[in-house]
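Written below as structure tokens is the structure these notes are about.
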Amino acid sequence: MRLPNNCRSWAIALLLISSAILSSCQKNNSYGRRTAGDPGKKSPTTGADFSFDVEDSTQFFVSRDAEQLPGPNLKLIQGGRAILGSQEEDVMAFRDNLERTVSISTFWMDETEMTNNDYKEFLFDMKKQVSKDSMDKLEPSEKVWRGAMSFNDVYESYYFRFPGFNFYPVAGVSWSQADAYAKWRTAYAQKVVIEERKMDTTLTRSQLIELGVVIAEFRLPNEAEWEYAAKAMIGTQYLDENQEYGRIYPWDGRGVRNPYDSRGKKGAKQGDFLANFKRGRGDYAGIAGDQTNDGEIIPSNVYDMAPNDFGLYNMAGNMNEWVYDVYRPLSFQDADDLNPLRKDGVYDEKEAYGTSLFNDSIRVYKGGSWKDVTYWLAPGARRFMHQDSSTNHIGFRCAMVSLGAKGK
């Protein structure tokens, strides 16, 4: 059927308009896939120009500086699916960490335990900010070395103060003190970034976040993150999503000695212990002169033992480590299966246990230490202590969330 002239004119006009719109869309889409680090020059939805000058308030500002600043001493822990829980026989009959499958988001974690030197830097800076009474509350307890029937009291004077112990893990620090250290470290590291970039010191934290130059909060890792990072199952992965076996410890095998040398072959390192721990009753390090002993009778330098497959040192032995979680025996069955965390006793109230022992001031610690036998070196093992208590075998390290696509 032949259209009238006026209809043909409208059809041609509509065709031209459609072609123009299609051409415009194709032109606007020619920038390709946009990312935080490469946002293009114009808005993909309005066509307006982006401003990349933070001082220009006439146009919409978009930051190109989108790569996370993780801070020093941190290793990236790539997230994924994991089976958490104890894989050892529950000889203590606690039944408080049964196996279950969860997923953990990518995060950052300190490659070492916090050292005496790290903590002394914290105290040095805090002296400028708080009263003497507050400083007394931040000082590590050196009394943790005292013993009525031992000569360990000598470490009360030297372990924290003497420079030879500078890079040994800090001891005598409570959960509350470790939490205070993490908050201080966030503020101090952010200040260093601002000074290095000669930025406006009056910028608020929200503005720093929008500029992409903020240091995310340092914090104690939660228990699931810590356990996932300790197992480091990436070292057993092959082909697509297959893993050869689980891990009882943060290394391959069912023993605590190294079956291979540094090249993965039998050699000089074969037989060396892979952690600093108590080998048996009264045996903290083996006999003198034996090059395959575990290094120290007390805690040792934080770099002494080989790191695990995530590059983390002493995720078993040397020092137990505080984690963020409140302790409850049944946390594993209540927590979410994505980034599980026990913030308090909700769903597992202390009243259910008929004791005041399990309250929201009781925190989890993990990892085993220089004075623990091998049972406690397994990442799935968990113990607890009041958040204001301290000992000579509990230290800590910090973690940080991974931000955005550039957090890698």
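Numbers below:
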item	result
Proxy reagent accessibility, fewest Cβ within 10 Å first, across Glu210, Glu113, Glu142	Glu210, Glu142, Glu113
Sorted largest first, extent of segment 169-215 alpha carbons per principal axis (Å)	38, 19, 16
Relative counts (whole %) of C-alpha pair distances in the chain, using bins that are 20 Å wide	22, 47, 20, 7, 3, 0
Simple spin-label estimate for Lys120 and Asp49 in nanometres, 7 Å along Cα-Cβ	5.6
Distance between modelled label sites at Arg146 and Val373, nm, 7 Å Cα→Cβ extension	2.9
Theoretical FRET efficiency, 1/(1+(r/R0)^6), r = Cβ-Cβ of Arg205 and Thr106, R0 25 Å, to 0.05	0.65
Links that overshoot a 24 Å alpha carbon limit, given the list Lys75/Lys132; Lys75/Lys366; Lys128/Lys183; Lys42/Lys198; Lys343/Lys366; Lys350/Lys371	Lys75/Lys132; Lys42/Lys198; Lys350/Lys371
Amide H within-cut-off set for Lys75, under 5 Å, with H built and near neighbours excluded	Met109, Asp110, Glu111
With Cα atoms, 0 to 90° folded angle of helix 175-196 axis to the chain main axis	50
Listed peptides 36-44, 316-324, 194-202, 242-250 by packing density, highest first (mean Cβ within 10 Å)	316-324, 242-250, 36-44, 194-202
Rg to Rh quotient for segment 27-119, alpha carbon positions, Kirkwood Rh	1.24
Inter-label distance, nm, simple model (7 Å from Cα along the C-beta direction), Leu338/Glu296	4.1
Kirkwood Rh in Å, taken over all unlike Cα pairs in segment 151-264	19.0
Efficiency of FRET from Cβ geometry, Thr58 and Val154, R₀ 56 Å, rounded to 0.05	0.25
Principal-axis tilt of helix 5-28 within the chain, Cα atoms, nearest 10 degrees	30
Counted charge near Trp145, where neighbours are those whose Cβ lies closer than 9 Å (Asp, Glu -1; Lys, Arg +1)	-1
Modelled label reach - Ala288, point 7 Å along Cα→Cβ, segment 132-162 residues with backbone N closer than 14 Å	none
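Here, each number is a calculation from the coordinates, and none is a lab measurement. All of these numbers come straight from a predicted model, not from anything done at the bench. Virtual Cβ from ideal backbone geometry, glycine too; neighbours counted across all protein chains shown.
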